[in-house]
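Chemist: Structure provided below as structure tokens; questions to follow.
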Amino acid sequence: MSTPIDATQTAAWKQLLELKENFSLNLREAFAEDPDRAERFTFTAGDLFVDLSKNLITDDVVAALVALGDEVGLEARRDAMFAGEKINVTENRAVLHTALRAPADAVIEVDGHNVVPDVHEVLDKVFAFADKVRSGAWTGVTGKRIETVVNIGIGGSDLGPVMVYEALKPYVQEGLSCRFISNIDPTDAYEKTVDLDPETTLFIVASKTFSTLETLTNARLARTWLLDGLIASGAIEDDDAACKEAIEKHFVAVSTALDKVEEFGIDPQNAFGFWDWVGGRYSVDSAIGTSVAVAIGPDHFRQFLAGFREIDEHFKNTPLAGNVPVLMGLLNVWYSNFFDAQSHVVLPYAQYLHRFPAYLQQLTMESNGKSVRYDGSDVTTTTGEIFWGEPGTNGQHAFYQLIHQGTRVIPADFIAFANPAHDLKDGQEDVHELFLANFFAQTAALAFGKTADEVRAEGTPENVVPARVFSGNRPTTSIMAPALTPSAVGQLIALYEHITFTEGTVWGIDSFDQWGVELGKQLAKQVTPAVGGDEAALEKQDPSTQSLVRYYRALRR
Ligand code: F6P
């Protein structure tokens, strides 16, 4: 196994340390002295117009960051990923989410096998299924049209589909809607099914491994809900054959483990496969996106995939100095490792992107929250960022106070679209323009602030002046696109996938495993009998856990 290049030992890192040591950039002055700054630091990738100029960067900083990318071998690792090399070393897997959107004539081999025809075969199957549901050719067991598709999955088998479904609501076929059950809290399954008609409901059980406790439990709850409902209403007989037929018409699955799908009782004919070289958090553009394909239709789904592809091409072919995901990833390294930034906020000025920050939390934090490098050695610097965010303008009235005036550096990505999904007017006023005025104003306020003299000039009493000063110099990136289309959503996802890759490469980590989620799962299995009243199992737990379980058992009605 190769050893990662230690970023902290590179010449570029040393140069960045020096640049940081003497760093005194004032964004007001930087823009005043350099009229080309906005233009020079604005880049395009696909339809994305990305303004980096309000970041804490100079030409020297950007050059050193690009040199860092060079020195850690970013291009070689990127090419290895695209070529299907097994860069996920702790799981001995290729990392080929980019093959999921490759054109049909591409050749991408894993162990000597071209995977592209397999990808397109599954896509065709998903699209044929989507068309049948959308046209009404696929009905429930009593012949009624499907009205609600319920995706059952968690993590990457939920966050991607729900985020994209919400983002593309205007593209959803009338008369169809999707719901998403993820949490093992029984409230989730209850709430998502309570007002549904079993005769018009179709479940998609989405699980890469088909062994995830939450998903399989929820799938069984859904199966019981379906059969009980159909039998109680007299829609089907209470016998095995009728139940089997009902499950066939109301359950499909998405998984890499088709044998387990069959064991669950779902007809393998109604299962859509994918492969171990697709990470869960990188899988929304695989069959995991079946709920989305049904909702928005194959044509829009193809546009969604084309959006990913556009950014893949940009990432693959653009020199590092103009490569948007590379520059954004390197900037995140600059803030994390040189400014000690702990978190990164993402602020979509698009209500339909309200689940995008949650989606990015898994993508970035499950990928880069690691303490060892891919050869097993300790990391040499801090890794990972805490991603969070909410749609603007709601965030403005909640947590922007801390971003504007708090003591921490919080790099912020602002995302907005030139055209609204819904063109509404308040009298004569275009509401989208009011909305975008906030988007533009916030990044200016963060960059340029307000001095004490400016506050005084407004007649502010002296004792209140300090509280009303804005330091400015708070870094933001502005990302704009023409409209929130399927392609734009694909482009945004691919952008952040490659940003995540860039950071992981600098840190020398395997961004594609997720061993950190395993211990809790194992312990939950061990503690389950104790929760159920097994005294011997309880005594094996630590004193704190014993006390908590006893409290639970005493109070459980
Ligand atoms: O527990 C974490 C995780 O493995 C994620 O990486 C994954 O997206 C999620 O669980 C769901 O896994 P599966 O699709 O196998 O049910």
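Chemist: Could you work out the relative contact order of the chain, using alpha carbon pairs under 8 angstrom and six or more residues apart, expressed as a whole percent?
Modeler: 19 percent
Chemist: Let me make sure I get this right: for segment 120-199, a, b and c are the square roots of the gyration tensor eigenvalues over alpha carbons, sorted descending. Under 1.5 in a/c it's rounded, otherwise prolate if a/b > b/c, else oblate. Which is it?
Modeler: oblate
Chemist: How big is the gap, in Å, between the Cα center of segment 89-139 and the Cα center of segment 373-449?
Modeler: 34 Å
Chemist: Got a sec? What order do Tyr374, Tyr551, Tyr496, Tyr352 fall in by accessible area at 1.4 Å, biggest, i.e. largest, first?
Modeler: Tyr551, Tyr352, Tyr374, Tyr496
Chemist: Take every Cα pair under 8 Å in segment 17-117 that's 6+ residues apart, average their separations, divide by the length, and report that relative contact order as a whole percent.
Modeler: 13 percent
Chemist: Turning to a different aspect of this structure: May I ask you to give the percent of accessible area on the chain that is carbon plus sulfur, with a probe radius of 1.4 Å?
Modeler: Ligands and nucleic acids excluded, carbon and sulfur reach 51 percent.
Chemist: Give me the percent of DSSP beta bridges within segment 106-258 that run antiparallel, rounded to the nearest 5.
Modeler: If I count the DSSP bridges inside segment 106-258, around 20 percent turn out antiparallel.
Chemist: Just the accessible area for Val489, please: 1.4 Å probe, Å², rounded to the nearest 10?
Modeler: 0 Å²
Chemist: Find, among the trypsin sites (Lys or Arg not before Pro) in segment 499-556, those assigned to loop by DSSP (not H, G, I, E, B) with at most 16 other beta-carbon atoms within 10 angstrom.
Modeler: Within segment 499-556, the qualifying trypsin sites (Lys or Arg not before Pro) (loop, at most 16 other Cβ atoms within 10 Å) are Lys540, Arg556.
Chemist: Just the number, please: percent antiparallel of the DSSP beta bridges in the chain, rounded to the nearest 5.
Modeler: The answer is about 35 percent antiparallel.
Chemist: Please report the accessible area of Glu539 (heavy atoms, 1.4 Å probe, ligands and nucleic acids excluded) in Å², nearest 10.
Modeler: Rounded to the nearest 10, the figure is 120 Å².
Chemist: Taking only protein heavy atoms and a 1.4 Å probe, what accessible area per residue, in Å², does the chain have with all protein chains in place?
Modeler: It amounts to 43 Å² per residue over the chain.
Chemist: Once you treat every alpha carbon in the chain as an equal point and sum by Debye, what is log10 I(q)/I(0) at q = 0.07, 0.12 Å⁻¹?
Modeler: Cα-only, vacuum Debye calculation for the chain: -0.46, -1.22.
Chemist: May I ask you to order 229-239, 130-140 by the average number of other C-beta atoms within 10 Å around their residues, highest value first?
Modeler: 130-140, 229-239
Chemist: Something else about it: Translational diffusion coefficient, Stokes-Einstein: compute it for segment 345-467 using the Kirkwood radius over C-alpha pairs as Rh, at 37 °C and 0.692 mPa s, and state it as an integer in µm² s⁻¹.
Modeler: Approximately 189 µm²/s, per Stokes-Einstein.
Chemist: Just from its helices, what would the mean residue ellipticity at 222 nm be for the chain, if runs of 4 or more DSSP H residues each count -39500 (n - 2.57) and the sum is divided by every residue, rounded to the nearest 500 deg cm²/dmol?
Modeler: Calculated mean residue ellipticity at 222 nm is -13500 deg cm²/dmol.
Chemist: I'd like the projected area of segment 232-325, averaged over all directions, using the convex hull of its alpha carbons. Report it in nm² with one decimal.
Modeler: 8.8 nm²
The values are calculated or read from the model by the stated rules, or taken from the named source; none is laboratory data. Because the structure is a prediction, the values reported are computed rather than measured. Glycine gets a Cβ as well: all are built from the backbone with ideal geometry, and neighbour counts include every protein chain shown. What goes into the accessible areas is simple: the full protein's heavy atoms, side chains included, and nothing from ligands, DNA or RNA. Shrake-Rupley method; radii C 1.70, N 1.55, O 1.52, S 1.80 Å.
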